[in-house]
Amino acid sequence: MAPSDTASKTRFLVLHDYGMGGTWWWVHARSEQEVLETFADVEVVHTEATRAEAETWGLDEADIDGPTTPPGLAEARAERDAQRGMPGFGALVGRDPLYLSRRWDEDDDPMVYLMEVGPDGRRLRQVELTEDRMAYRSTPEDWPFNPPWVDRYDPAWVPFVIGQEEFEAQWTRAVHDPSRWD
């Protein structure tokens, strides 16, 4: 990178956290927002201890305006580029907290998950609604992993937005059963 290329940029530690691990890079960009608008499903890590440790990892470095991007980050850029032209792109940015309701039918026990999501895309609270109308509530203390679930720029999440009142009503009636997450 030429010195003039970095004059108005900051070096950000960027993570794609997939729950049991993650992929890390250093990205030179004008702002954190620029990083998040350019790459899907990533977060900028600010913890000084983590940043200091990352200095020893030999991570790939990328300039946001550079002609090439390291593996993993290139795919995140392509995904974000595809999302950018869709209706609802970025519509959830700044909505904190965010409340969502989404049905998952991917296993033998389909459920509706209501989530309260913080600014970093991680769940703060969750209610599971079962087919037999039981409601179970949980918090990060109940989960072994809590990676970012929601990329606020991704328009795919827009149809699942609900109001805080709907979430709170289900949260209030839900029971806490820690054995569900053991």
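The values are calculated or read from the model by the stated rules, or taken from the named source; none is laboratory data. It should be emphasised that the depicted structure is a prediction, and the values quoted were computed from it without experimental measurement. We place every Cβ from the backbone using ideal geometry, glycine too, and count neighbours over all the protein chains shown. We work out accessible area using only protein heavy atoms, side chains counted, and drop any ligands, DNA or RNA first. Shrake-Rupley method; radii C 1.70, N 1.55, O 1.52, S 1.80 Å.
Do we have Val150 as open to solvent by 30 Å² or more (accessible area, probe 1.4 Å) and among the hydrophobic types (A, V, I, L, M, F, W, C) here? Outline the logic, then answer.
Details: open to solvent by 30 Å² or more (accessible area, probe 1.4 Å): no; among the hydrophobic types (A, V, I, L, M, F, W, C): yes.
When the stated conditions are applied, Val150 does not pass them.
Going by what's in this entry, would Leu114 be described as within 22 Å of Asp177 (Cβ to Cβ), modelled with pLDDT of 95 or more and not hydroxyl-bearing (Ser, Thr, Tyr)?
Values: within 22 Å of Asp177 (Cβ to Cβ): yes; modelled with pLDDT of 95 or more: yes; not hydroxyl-bearing (Ser, Thr, Tyr): yes.
Yes; evaluated as a whole, the condition is true for this residue.
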When Gly66 is run through (1) within 28 Å of Pro144 (Cβ to Cβ); (2) open to solvent by less than 30 Å² (accessible area, probe 1.4 Å), the failure sits at (1)
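Anything in segment 73-124 that is of a type in the set (Lys, Arg), open to solvent by less than 60 Å² (accessible area, probe 1.4 Å) and in a strand (DSSP E or B)? List them, or say none. Steps first, please.
Of segment 73-124, the ones of a type in the set (Lys, Arg) are 77, 80, 84, 95, 102-103, 122-123.
Among the residues that remain, those that are also open to solvent by less than 60 Å² (accessible area, probe 1.4 Å) are: 77, 80, 122-123.
Arg123 - this is the single residue of segment 73-124 that is of a type in the set (Lys, Arg), open to solvent by less than 60 Å² (accessible area, probe 1.4 Å) and in a strand (DSSP E or B).
Does Arg133 meet the test of being on the phi > 0 side of the Ramachandran plot, open to solvent by 70 Å² or more (accessible area, probe 1.4 Å) and free of Cβ contacts under 8 Å to residues at least 60 places away in the same chain? Lay out the reasoning, then the answer.
Details: on the phi > 0 side of the Ramachandran plot: yes; open to solvent by 70 Å² or more (accessible area, probe 1.4 Å): yes; free of Cβ contacts under 8 Å to residues at least 60 places away in the same chain: yes.
So Arg133 passes the test.
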What are the pairs, 6+ residues apart or on separate chains, where a residue within segment 72-88 that is free of Cβ contacts under 8 Å to residues at least 40 places away in the same chain has its Cβ under 7 Å from a residue that is part of a helix (DSSP H, G or I) and surrounded by 15 or more Cβ atoms within 10 Å (Cβ to Cβ)? Arg77/Thr38
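Tell me which residues, restricted to segment 165-174, are out of contact with any Leu (no Cβ under 6 Å at 6 or more places or on another chain), part of a helix (DSSP H, G or I) and open to solvent by less than 90 Å² (accessible area, probe 1.4 Å).
Answer for segment 165-174, where residues must be out of contact with any Leu (no Cβ under 6 Å at 6 or more places or on another chain), part of a helix (DSSP H, G or I) and open to solvent by less than 90 Å² (accessible area, probe 1.4 Å): Glu168, Ala169, Trp171.
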Go through (1) touching a residue at least 60 places away in the same chain (Cβ under 8 Å); (2) under 25 Å from Gly118 (Cα atoms) one by one and return the number of the condition Gly66 breaks. (2)
Check off (1) farther than 30 Å from Arg133 by Cβ; (2) in contact (Cβ under 8 Å) with a residue 60 or more places away in the chain; (3) surrounded by 12 or more Cβ atoms within 10 Å (Cβ to Cβ) for Ala54 and give me the number that stays unchecked. (2)
Cβ-Cβ under 6 Å pairs, at least 6 apart or on other chains, segment 150-161 side of a type in the set (Asp, Glu), far side open to solvent by 20 Å² or more (accessible area, probe 1.4 Å) and modelled with pLDDT of 95 or more: Asp151/Asp41
Scan segment 136-147 for residues that are among the hydroxyl-bearing types (Ser, Thr, Tyr) and open to solvent by less than 30 Å² (accessible area, probe 1.4 Å) and jot them down. Ser138
The one condition Ala7 fails out of (1) in contact with a strand residue (DSSP E or B) (Cβ under 8 Å, 6 or more places away or on another chain); (2) modelled with pLDDT under 95; (3) not aromatic (Phe, Trp, Tyr) is (1)
I'd like the full set of residues that are under 12 Å from Tyr99 (Cα atoms) and open to solvent by 50 Å² or more (accessible area, probe 1.4 Å), limited to segment 153-164. Val158, Pro159, Phe160, Gln164
